[in-house]
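Asks: Before anything else, here's the structure in question.
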Amino acid sequence: MHFVTGGAFNGKRARVKETYPDAVWLSAYRGDSFAKINPADFRNFTIIFEGLEAWVKELIAEKDPDDIRALFRDFFSRWQAWEKADNRRKVVVIGTDIHKGIVPVEGELRAWRDITGWVYQDLVKKCEQVDLIWYGICQTIKGE
Amino acid sequence: MEGGSLIFITGGVRSGKSSFAERFATETAAKTNSRLNYIATGVPFDKEMEKRIDKHRQDRSKGPIQWITREQPVNIRELASSFNNQDVILLDCVTTLVNNELFSLGENVTEDEAAAIYKRIFSGIAAIRKNCRQLVLVSNEVLQEPCSEDQLLFIYRKLLGSLHREIVRIADEAYLVEAGVPILMKTGQGQEPSMSKTAVDEREIRCGRDRSQGK
């Protein structure tokens, strides 16, 4: 699995499009659900999950932080297993860095920021490559 | 792109990006025997900001070369014709410029208006760069915060991110300053970072020496 992160509007999507031109995209920004496709039914070789932070945000109001983490850990595990079954397969996750400002006054923004950070850490443990995009410049911070 | 070199320097609040940028520009001006220009974009709207601007001004006046300060909160392109290849120019900062241009339009800014601002700022940068020895641009890292779904904020962040990306794309060098330490993110046209700290260290040493000589 490959995780691509960086600040908002820093060129993450453009970078992933360039690296994986033939991928299928599921995007939180377009209202797609991350569970829309079951790994078992997926026939392409590359899948991109865009907007991990936005999917986390959708769950904040309804679930406990631990449940959200567990849910995403399970989600990552299923796609990791799918990927490992065939070496042509690739899972790419894009998540915006929302972690460097001052502590938000609103509780919901605070919870969102915290849980997203934990989910990213869980994901990175499973990834063989992690890239940080800074205004179009890519730094590989894990792997390769 | 023809003209002078373009240097992009960004960082968080109080990261030391402005003083690094000032040392950088001063060093180039000293080396090339150029005039040293400062484009101030900040319009003071309270006492605290007036003080802060004054502190920056005093800091600059301590350097080995005197700065020529120009206040230009909007339409930076207007300044382009007053420079030539004997000018080193520091613009501090792009974020304030975007604020001034955007928030003068009020609360209901459309994507089209934002696109027009993007063009105006970017063409201003290109025009100034064409008429100078070196243009140093300072900006802020503000795109890593959790944001509520506010249309104006969305437009603002998109505009700033697009500008930064485009500036980095055409820049000769780009630096991210963390706690006073400049990290070289891009060197040479179109090159990816090699993360060679040497270039930064060397420049730091040179800048540091130049500054101590000026005192």
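The values are calculated or read from the model by the stated rules, or taken from the named source; none is laboratory data. Everything numeric in this text was worked out from a predicted model, so none of it was measured. With ideal geometry, Cβ positions are generated from the backbone for all residues, glycine too; neighbour counts draw on all protein chains shown. Side chains are part of the model used for accessible areas, which takes the heavy atoms of the whole protein and leaves out ligands, DNA and RNA. Shrake-Rupley method; radii C 1.70, N 1.55, O 1.52, S 1.80 Å.
Asks: Run the accessible area of the stretch A:17-140 with a 1.4 Å probe and give the carbon-and-sulfur part as a rounded percent.
Replies: Roughly 49 percent of what the probe reaches on the stretch A:17-140 is carbon or sulfur.
Asks: Counting Lys +1, Arg +1, Asp -1, Glu -1, what net charge surrounds A:Trp25 among other residues with beta carbon under 12 Å of its beta carbon?
Replies: Charge balance near A:Trp25 sits at +1.
Asks: Would you work out the charge dipole size for the stretch B:43-130 about its Cα centre, treating the Cβ of every Lys and Arg as +1 and the Cβ of every Asp and Glu as -1, and quote it to the nearest 20 debye?
Replies: Once rounded to the nearest 20, the dipole reads 520 debye.
Asks: Next question, about the same structure. Only sites in a loop by DSSP and with at most 10 other Cβ atoms within 10 Å count here; which trypsin sites (Lys or Arg not before Pro) in the stretch A:1-94 make the cut?
Replies: Answer by residue number: A:Lys36, A:Arg43, A:Arg88.
Asks: Quick check: net charge around A:Phe76, other residues with Cβ under 11 Å of its Cβ, Lys/Arg +1 and Asp/Glu -1?
Replies: Summing Lys and Arg as +1 and Asp and Glu as -1 gives +2.
Asks: Can I ask one more? Could you work out [θ]222 nm for chain B from helices alone, using -39500 (n - 2.57) per DSSP H run of at least four and dividing by all its residues? Round to the nearest 500 deg cm²/dmol.
Replies: Taken over chain B, the calculation gives -15500 deg cm²/dmol.
Asks: What accessible area per residue, rounded to a whole number of Å², is obtained for the stretch B:1-58 using a probe radius of 1.4 Å?
Replies: 51
Asks: Which residue, A:Gly136, A:Val105, A:Gly31, has the largest displacement toward the positive end of the dipole of the stretch A:2-142 when charges sit on each Cβ (Lys, Arg +1; Asp, Glu -1)?
Replies: A:Gly136
Asks: Just give the residues from the stretch B:124-166 buried by at least 50 square angstrom of accessible area in the all-chains context relative to the isolated chain, probe 1.4 Å, and say none if nothing qualifies.
Replies: Buried by the other chains: B:Leu143, B:Gln144, B:Glu145, B:Pro146, B:Arg165.
Asks: Assign one of three labels to the protein assembly as shown, namely rounded, prolate or oblate, based on the Cα gyration tensor with a ≥ b ≥ c the square roots of its eigenvalues; rounded applies when a/c is under 1.5, prolate when it is not and a/b is larger than b/c, and oblate otherwise.
Replies: prolate
Asks: Of A:Lys17/A:Lys63; A:Lys17/B:Lys158; B:Lys31/B:Lys130, which ones are farther than 22 Å apart at the Cα?
Replies: Going by Cα-Cα distance, A:Lys17/A:Lys63 fall outside the 22 Å limit.
Asks: Further question: Measuring from centroid to centroid over Cα atoms, what is the spacing of the stretch B:85-125 and the stretch B:2-79 in Å?
Replies: Cα centroid of the stretch B:85-125 versus Cα centroid of the stretch B:2-79: 17 Å apart.
Asks: For the stretch B:28-76, run through the trypsin sites (Lys or Arg not before Pro) and keep only the ones in DSSP coil with at most 15 other Cβ atoms within 10 Å of their Cβ.
Replies: Loop-located and lightly packed - B:Lys62.
Asks: What GluC sites (Glu not before Pro) in the stretch A:68-137 are in a loop by DSSP, with at most 15 other Cβ atoms within 10 Å of the Cβ?
Replies: A:Glu106, A:Glu128
Asks: With just the Cα atoms defining each centre, how far is the stretch A:84-144 from the stretch A:1-72? Give it in Å.
Replies: 10
Asks: Determine the percent antiparallel among the DSSP beta bridges restricted to the stretch A:13-142, to the nearest 5.
Replies: Antiparallel bridges make up about 35 percent of those DSSP assigns within the stretch A:13-142.
Asks: Can you return the aspartates and glutamates within cross-link range of B:Lys55? Criterion is Cα-Cα under 18 Å, with same-chain partners fewer than 8 residues away left out.
Replies: B:Glu22, B:Asp46, B:Glu71, B:Asp92
Asks: How many square angstrom of accessible surface are buried between A and B, both sides summed, with a 1.4 Å probe and rounding to 100?
Replies: Buried: approximately 2000 Å² between B and A.
Asks: I would also like to ask the following. Where the accessible area of chain B is counted over protein heavy atoms with a 1.4 Å probe, how much of it, in %, is carbon and sulfur?
Replies: About 49 percent, which is the carbon plus sulfur part of the accessible surface.
Asks: Keeping every protein chain present and rolling a 1.4 Å probe, give me the accessible area per residue for chain A in Å². Mind showing how you got there, number by number?
Replies: Working: 7050 Å² over 144 residues.
Counting only protein heavy atoms, the per-residue value for chain A is 49 Å².
Asks: About the Cα centre of the protein assembly as shown, what is the dipole size in debye to 20, counting +1 per Lys and Arg Cβ and -1 per Asp and Glu Cβ, all else neutral?
Replies: The dipole of the protein assembly as shown has a size of about 1180 debye.
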